[in-house]
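S.K.: Got a structure for you, written out below as structure tokens; questions coming shortly.
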Amino acid sequence: MGCLLDEDPGPSDERAEPPELERLQGRLRELQRRLREVHRELARRPAPGGPVEQELQRLLAARGALVEALGAEILRLLARGGELSWHAAEPDEESRGTRRSAGERSPERSPEPTAPGASPGAIDPALLGALLDRLGPPAGVETHPGASREVARISAAIAEIDAWLSQPRLVRQALVGLVSSRARHLQDESGFGLAPEEAELLRSAFSEMTAWSREHQPGFVPGLSRHNPPKGDSWLHDARQWWHALETFLADAIPQTNEGVLERLEHALAKGPSRRQLRVRVREAVRAGLSPDDPRLVRLLLPHHEDLIGMRGLDPLKDALRRALGSDRPDPG
């Protein structure tokens, strides 16, 4: 806490902290240390209603009672003529371990992120694809259950944060940008209050991301600092920009063989694209070298054949789809 009180300040410059106040502050420091441990545990393994969450609620209640007791003790000492002064407390060992040396740059002063079109280096597409599948594309939070689900997704992503180290720096930067922007959207733009335990999980996620970014330096990410505004119109807009960058990185990382092209297309179809997006993806696949009447492409697109009606060009593909459907009806386009 760092407050010094003295009931009878004499000529000496040395002021001894009253025993009861010292005891309460010691208990509070220990309680804060334990709260940090529980927050990290919940971020790694979120389990609503589980024993760790119950321990968090117990610790929060204990902290509230302890702060009240500390305040009452301070008032008693002041009433008896004690003096109150404050000094900056030394950080504990855990906090000191995350502080930056004088020569290091703060994350908030790092350079602007490299353009999404830049090559990030060697990517692990399987790991990145699985992570994006679990997170899902960013969307506006419009309900209380939606807010709860988004907290769970953010916490689950942070629980795997050390696995991000296998990715190049630009990908790590985009991942921190995506998750922090989604968290800021939830915190600042959604308009839905979180349950106390969910708010604690979100705070813990920010703490984990900040400490991790200080250590591994992925690059500047606006969402990590409460003082930064979004780069675009909103935090949701920023999250969508980071998502687009990650999808681009992932698409470029898949080998341009026929199998790779099909895998990319299958990955895109699994996300339920709009008709326009579907047609763009199909044209990209054909431009990448996949034959329009490739039987694997035809099988993949059969469930979407109605979205291709009227599409200009790609007649071999449309003919193959009609044959597969057992229809000789010419395409209206």
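S.K.: Within segment 121-136, take every residue that is outside any loop (DSSP other than H, G, I, E, B) and either crowded, with 17+ Cβ neighbours inside 10 Å or not assigned by TED's automatic domain parsing to the domain that holds Pro168 (or both) and give me the one that is modelled with the lowest pLDDT.
M.R.: The qualifying residue modelled with the lowest pLDDT is Pro125.
S.K.: Can you find a residue in segment 176-191 that is buried (at least 16 other Cβ atoms within 10 Å of the Cβ) and either closer than 30 Å to Leu301 by Cβ or not assigned by TED's automatic domain parsing to the domain that holds Arg134 (or both)?
M.R.: yes
S.K.: Another question, if that's okay. Go through (1) part of a helix (DSSP H, G or I); (2) modelled with pLDDT of 85 or more; (3) touching a Lys or Arg at 6+ places or on another chain (Cβ under 6 Å) and name the single condition Leu202 misses.
M.R.: (3)
S.K.: Among the listed residues Glu94, Glu73, Glu108, Glu53, identify the single one that is at pLDDT below 75, surrounded by 13 or more Cβ atoms within 10 Å (Cβ to Cβ) and not in a loop (DSSP other than H, G, I, E, B).
M.R.: Glu53
S.K.: A further question follows. Looking only at segment 249-282, filter to residues that are surrounded by 15 or more Cβ atoms within 10 Å (Cβ to Cβ) and in contact with a Gly (Cβ under 8 Å, 6 or more places away or on another chain); which one of those is farthest from Ala320 (Cα to Cα)?
M.R.: So the residue we want is Leu250.
S.K.: Provide a single number: the residues in segment 299-320 that are under 41 Å from the mean Cα position of the chain (by Cα) and surrounded by 17 or more Cβ atoms within 10 Å (Cβ to Cβ).
M.R.: 7
S.K.: Polar (S, T, N, Q) and at pLDDT below 90: is that true of Ser180 in this structure?
M.R.: In short, no.
S.K.: Please pick out the residue among Asp233, Asp238 that is without any contact (Cβ under 8 Å) to a residue 12 or more places away in the chain, assigned by TED's automatic domain parsing to the domain that holds Leu178 and within 30 Å of Phe206 (Cα to Cα).
M.R.: Asp233
S.K.: Here is a further query. List every residue pair whose Cβ atoms sit under 7 Å apart, with the two residues 6 or more apart in sequence or on different chains, where the first one lies in segment 203-216 and is farther than 18 Å from Ala163 by Cβ and the second, anywhere, is of a type in the set (Ser, Thr, Tyr) and surrounded by fewer than 19 Cβ atoms within 10 Å (Cβ to Cβ).
M.R.: Partner pairs satisfying both residue conditions: Arg214/Thr98.
S.K.: Hey, Ala139 hits all of (1) modelled with pLDDT of 90 or more; (2) closer than 30 Å to Gly260 by Cβ; (3) assigned to a loop (DSSP other than H, G, I, E, B) but one; which does it fall short on?
M.R.: Checking Ala139 against (1) modelled with pLDDT of 90 or more; (2) closer than 30 Å to Gly260 by Cβ; (3) assigned to a loop (DSSP other than H, G, I, E, B), the one that fails is (1).
The values are calculated or read from the model by the stated rules, or taken from the named source; none is laboratory data. Please read these numbers as outputs of a predicted model, since none were measured by experiment. For neighbour counting, all protein chains shown are included, and Cβ atoms are generated from backbone atoms with ideal geometry for every residue, glycine included.
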